[in-house]
Amino acid sequence: EIENADEKVNVTIEAKKKKKSAKKTSLKEIKSGTQNSDGKGTAATIAKRILAAIVIFLISMFAASFQNYCIKMSRALSNPSIITIGQRQDGSIVKIDDYREAYWWIRDYTPEDSRILAWWDYGYQITAIANRTTVADGNTWNHEHIALLGKILTTNVDEGYNIARHLADYVVVWAGGGGDDLAKSPHLARIANSVYRGLCPGDPTCREFGFMDHRGTPSAMMANSFLYQLHSHRLVEGIEVDPNQFEEVYKSKYGKVRIFKLMNVDEESKAWVADPRNLICDTPDSWFCRGQYPPALKQVLQQKKDFSQLQDFNNKRINDDELYQKQYFENINKPNDNQLRSLPDYERVNQLNDFLSHHPSESSDYEKESKVKEIFSQNSVSQHKRKAMSQKGTITITNAEIEAVNNIWEDTDETTDMWKLITSGNVKDLENALEANPVLAHIRSSDGRGPIFWAFEHRRQDMVKVLRRHGVGHNERDKDGLTPVDLLDK
């Protein structure tokens, strides 16, 4: 039994020795494998570090230019809305305080009961800084009232004056370029036409009202408008307001604001509007009372058609308003050649006038009628553009072609069309035009500027993205040495 017990002990000891030996063997194998894997891991680590160093180097190469770009963007976006920073052509920086100084002038030099006519965007500023009553402000929810204001500004100057003299004593016009009143005036015309349909008959988008080219040539309708006449008074050759209707009483240092006094204001209408008996209050002696238009505007107000907007869920929209809005969006989304109808119409009128001036008497009525039909049957799109837009599929262009286009600086139909497209803000039309002819993204006008310049100038961020996708850079320079980004500072 003792021997058997000893044998069992020996067997147990041997088993433990074998286990220890096996563990040592496995540890050696693991250690050996670790050494092998460490060798491979070291090589992988070195490769990763080299790759990381390359990435860091490439990022650092663009860091300086990206920093400058961010600084310019931050300067352009961080200026307050009333006091801004501008840059002269010589590169010097100036502080533009035109707006606040203009409001101070109104506060200090106009009677306290003065009524100020201006587009509603500046209503709060005029009320808070100038302490004067405005015709409209940001809290004017009455669409028909805003439309009447738009009608005054965009209708012909005589009609606008005859309405304004019953509502206001002074007119404030934002001028000086950029996003001034004239730049946004096509939108004012559309708003006015939504209620006063006779302003732009049959055209909800008022395409006859606007600029004809990138040089700022106005259409005939715009040139005769109330707003354009005040905006361009003695700045554009041949434009001067009637002194019996207006008197310019203030012009800011940099020409950003112009103030005109309305002559022969209708005092009877002013007194009627101010009479508490003509206020409509929700309850007697209430603080909440709304005013009424003076009786002298009855004939004008009879022309309006109350407009039911898309977001008006409380009222059942009249079918006519639905058709109007449908036509509006169809016109907005039409191809660019339809959207720019006013340009060829203007040119055709010039052609017709030229023909009649050279054939005043010897031309028969039949000949004149034939000439009219010939002129007004011309296609509104240039041959080059028509050919490009008729092609199907995506067109690609080479870098050599892009460089060749960039080196040609001239004013053409294409540069005019692209300028109008960019200023309209219609991204879909831009995409359609570039899909048909991507060369248009790179064209340059005689001043060296092209679509990317105009997109930055008018702060069309979505359009900048579209142009960038088509390979347009933002480091090109115009004839003055300015890049598109530099225009943001202006």
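The values are calculated or read from the model by the stated rules, or taken from the named source; none is laboratory data. What you are looking at is a predicted structure, and each value in this text was computed from that prediction instead of being measured. Because the Cβ atoms are built from the backbone with ideal geometry, glycine has one as well, and the counts that use them run over all protein chains shown. Side chains included, ligands, DNA and RNA excluded: accessible areas come from the protein's heavy atoms. Shrake-Rupley method; radii C 1.70, N 1.55, O 1.52, S 1.80 Å.
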**Study point:** Rel. contact order, % - alpha carbon contacts under 8 angstrom, at least six apart, region 105-185
**Key:** 31 percent
Review point. Which FRET efficiency, nearest 0.05, do R88 and D462 yield, Cβ-Cβ r, R0 30 Å?
Key: 0.50
Practice item. Using Cα pairs closer than 8 Å and at least 6 residues apart in sequence, work out the relative contact order for region 88-132, in percent. Key: 47 percent
Review point. Averaged per residue, what accessible area in Å² does region 39-188 show with a 1.4 Å probe, protein chains only?
Key: 53 Å²
Check your understanding: Residue farthest toward the positive end of the dipole of region 245-306, with Cβ of Lys/Arg at +1 and Asp/Glu at -1: which of T283, V257, V300?
Key -> V257
Check your understanding: In the structure displayed, which of K95/K151; K184/K465; K184/K304; K72/K256 lie more than 26 Å apart, Cα to Cα?
Key -> K95/K151
Study note, to complete from the structure: With 0.36 nm assigned to each residue of separation and the Cα-Cα distance removed, R290 to N406 gains 35.9 nm
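Roughly how many percent of the accessible protein surface of region 220-290 is carbon and sulfur, given a 1.4 Å probe and a whole-percent answer?
51 percent
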Check your understanding: Among V173, V195, N156, whose Cα sits farthest toward the positive end of the charge dipole of region 78-213 (+1 at Cβ of Lys/Arg, -1 at Cβ of Asp/Glu, about the Cα centre)?
Key -> V195
Review point. Binned at 5 Å from 0, what are the whole-percent values of the Cα-Cα distance distribution for region 180-243, short to long?
Key: 3, 19, 27, 25, 14, 9, 2
Check your understanding: Over region 53-184, what percent of the accessible surface lies on carbon and sulfur atoms, probe 1.4 Å?
Key -> 59 percent
